[in-house]
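The values are calculated or read from the model by the stated rules, or taken from the named source; none is laboratory data. For clarity, every value in this text was computed on a predicted model and none was experimentally measured. Cβ coordinates were reconstructed from backbone atoms using ideal geometry, including for glycine residues, and neighbour counts include every protein chain displayed.
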């Protein structure tokens with residue numbers, strides 16, 4: 001199977017490339033620096049304009065779009081613009097490339113995020129829940145709308161990632177150092193729900209979406225057992241044999257991160273993978289205990 005991946009050198013993309021290549025797929029990675037691609041074949045792209053990469057995407061059986069600038073850090077106006085542009089430009093460019101062969105049977109898997117729900121307190125959220133408010137919800141909504149332009153051209157799967165956990169990157173890597181130093185703890189009051197998911201299950205979801213022709217539309221890529229932030233801190237401390245009782249006060253997080261603190265770090269999203277469960281996907285790491293046990 002010919003698979004083209006945009007964002008194939010990142011936290012999710014790089015292990016996905018390794019996984020798909022190991023099973024025998026012909027994997028092409030769209031990247032600004034093809035020389036850095038060690039597995040699969042690197043092809044130059046700038047995520048804005050058409051080029052030789054467009055032919056690769058148009059002729060692929062599966063295109064996976066994971067491209068987008070990391071939103072971690074203080075949201076200056078410039079950073080917010082880069083977050084928006086990196087996602088919308090890449091998605092629009094991919095849809096335009098697919099139009100080169102409009103009648104081809106193919107699949108487009110597009111990344112998204114549970115940030116689309118906004119800060120929802122204790123409300124239980126599934127794929128049919130309404131969009132929330134704020135910069136992040138608006139960004140993700142526009143991202144998904146751009147991906148939906150591909151519906152006449154491909155079987156479209158939109159994967160709304162929760163907080164993806166793996167020790168070598170993402171949120172968990174940033175959390176590990178303070179916990180190892182004995183100064184870890186919940187964010188704010190710790191009552192906010194965290195829609196976490198183990199990266200291994202993220203990779204399995206993407207493989208499942210590739211292989212299952214019936215899979216289409218929006219899926220919450222979140223573990224079936226969401227926890228409050230304070231419970232995540234407690235279990236991480238226990239896994240590392242370190243204390244986990246020193247909270248990062250909300251006011252301090254707002255001073256450091258501004259808008260990002262309220263919309264990402266302190267926001268509550270009790271998102272459940274309702275459609276994955278109903279469509280037959282089985283999680284391997286359903287609980288934080290199972291996830292942390294595999295990270296030691």
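Given the criterion more than 16 Å from residue 171 (Cα to Cα), touching a strand residue (DSSP E or B) at 6+ places or on another chain (Cβ under 7 Å) and crowded, with 20+ Cβ neighbours inside 10 Å, identify the matching residue among 271, 223.
Numbers: 223 fails: more than 16 Å from residue 171 (Cα to Cα).
Of the residues listed, the single one that is more than 16 Å from residue 171 (Cα to Cα), touching a strand residue (DSSP E or B) at 6+ places or on another chain (Cβ under 7 Å) and crowded, with 20+ Cβ neighbours inside 10 Å is 271.
Out of the residues in the range 129-161 that are over 26 Å from residue 75 (Cβ atoms) and without any contact (Cβ under 8 Å) to a residue 60 or more places away in the chain, which is surrounded by the fewest Cβ atoms within 10 Å (Cβ to Cβ)? It would help to see each step written out before you state the result.
Start the filter on the range 129-161 by keeping residues that are over 26 Å from residue 75 (Cβ atoms), which leaves 149-157.
Okay, now just the ones that are also without any contact (Cβ under 8 Å) to a residue 60 or more places away in the chain, so 149-153.
On the way: 149: 16, 150: 24, 151: 13, 152: 11, 153: 21.
So the residue we want is 152.
Restricting attention to the range 255-264, which residues are touching a helix residue (DSSP H, G or I) at 6+ places or on another chain (Cβ under 6 Å) and modelled with pLDDT of 95 or more?
The first filter runs over the range 255-264 and keeps only residues touching a helix residue (DSSP H, G or I) at 6+ places or on another chain (Cβ under 6 Å), leaving 261, 263.
263 - this is the single residue of the range 255-264 that is touching a helix residue (DSSP H, G or I) at 6+ places or on another chain (Cβ under 6 Å) and modelled with pLDDT of 95 or more.
With respect to the numbered conditions (1) buried (at least 16 other Cβ atoms within 10 Å of the Cβ); (2) modelled with pLDDT of 95 or more; (3) within 19 Å of the chain's Cα centre (by Cα); (4) under 17 Å from residue 204 (Cβ atoms), which one is the sole condition not fulfilled by residue 284?
(1)
Residue check, residue 190 against (1) on the phi > 0 side of the Ramachandran plot; (2) touching a residue at least 60 places away in the same chain (Cβ under 8 Å); (3) buried (at least 18 other Cβ atoms within 10 Å of the Cβ); (4) over 14 Å from the mean Cα position of the chain (by Cα), all met but one. Which one?
Answer for residue 190: the failing condition is (2).
Can you report the number of residues in the range 265-274 which are modelled with pLDDT of 95 or more, assigned to a helix (DSSP H, G or I) and farther than 15 Å from residue 197 by Cα?
0
Would you call residue 220 more than 20 Å from residue 67 (Cα to Cα) and in contact (Cβ under 8 Å) with a residue 60 or more places away in the chain? Write out each step before concluding.
On the way: more than 20 Å from residue 67 (Cα to Cα): no; in contact (Cβ under 8 Å) with a residue 60 or more places away in the chain: yes.
Against the criterion (more than 20 Å from residue 67 (Cα to Cα) and in contact (Cβ under 8 Å) with a residue 60 or more places away in the chain), residue 220 does not qualify.
Do any helices (runs of 4 or more DSSP H) lying entirely in the range 140-247 carry at least 1 residues that are modelled with pLDDT of 95 or more, out of contact with any helix residue (DSSP H, G or I) (no Cβ under 8 Å at 6 or more places or on another chain) and under 16 Å from residue 283 (Cβ atoms), and which ones are they? Spell out the reasoning first.
Working: elements: 170-180, 199-211, 229-240.
Result: 199-211.
Please verify whether residue 209 is in contact with a strand residue (DSSP E or B) (Cβ under 7 Å, 6 or more places away or on another chain) and crowded, with 20+ Cβ neighbours inside 10 Å, treating the condition exactly as stated. Let's see the steps before the verdict.
Details: in contact with a strand residue (DSSP E or B) (Cβ under 7 Å, 6 or more places away or on another chain): yes; crowded, with 20+ Cβ neighbours inside 10 Å: yes.
Against the criterion (in contact with a strand residue (DSSP E or B) (Cβ under 7 Å, 6 or more places away or on another chain) and crowded, with 20+ Cβ neighbours inside 10 Å), residue 209 qualifies.
Could you list all residues from the range 33-49 that are surrounded by 15 or more Cβ atoms within 10 Å (Cβ to Cβ) and farther than 19 Å from residue 20 by Cβ?
The one that is surrounded by 15 or more Cβ atoms within 10 Å (Cβ to Cβ) and farther than 19 Å from residue 20 by Cβ: 47.
Which of (1) surrounded by fewer than 17 Cβ atoms within 10 Å (Cβ to Cβ); (2) within 17 Å of the chain's Cα centre (by Cα); (3) under 17 Å from residue 273 (Cα atoms) is the odd one out, the single condition residue 164 does not satisfy?
For residue 164, the failing item is (1).
Answer with yes or no whether residue 121 is out of contact with any helix residue (DSSP H, G or I) (no Cβ under 6 Å at 6 or more places or on another chain), at positive phi and modelled with pLDDT of 95 or more.
Values: out of contact with any helix residue (DSSP H, G or I) (no Cβ under 6 Å at 6 or more places or on another chain): yes; at positive phi: yes; modelled with pLDDT of 95 or more: yes.
Spelling it out, residue 121 is indeed out of contact with any helix residue (DSSP H, G or I) (no Cβ under 6 Å at 6 or more places or on another chain), at positive phi and modelled with pLDDT of 95 or more.
Looking at 61, 126, which one is within 18 Å of the chain's Cα centre (by Cα) and surrounded by fewer than 19 Cβ atoms within 10 Å (Cβ to Cβ)? If you could, list the steps in order and put the result at the bottom.
Values: 61 fails: within 18 Å of the chain's Cα centre (by Cα).
Every option except 126 fails the conditions.
Assuming residue 86 fulfils every condition listed in (1) surrounded by fewer than 24 Cβ atoms within 10 Å (Cβ to Cβ); (2) under 14 Å from residue 143 (Cβ atoms); (3) in contact with a strand residue (DSSP E or B) (Cβ under 6 Å, 6 or more places away or on another chain) apart from one, which condition is it?
The single condition residue 86 does not satisfy is (3).
Would the range 123-136 turn up any residue that is in a helix (DSSP H, G or I) and farther than 24 Å from residue 268 by Cα?
As a first pass, look at the range 123-136 and keep what is in a helix (DSSP H, G or I): 135-136.
With the extra rule that they be farther than 24 Å from residue 268 by Cα, the set shrinks to none.
No, that holds for no residue.
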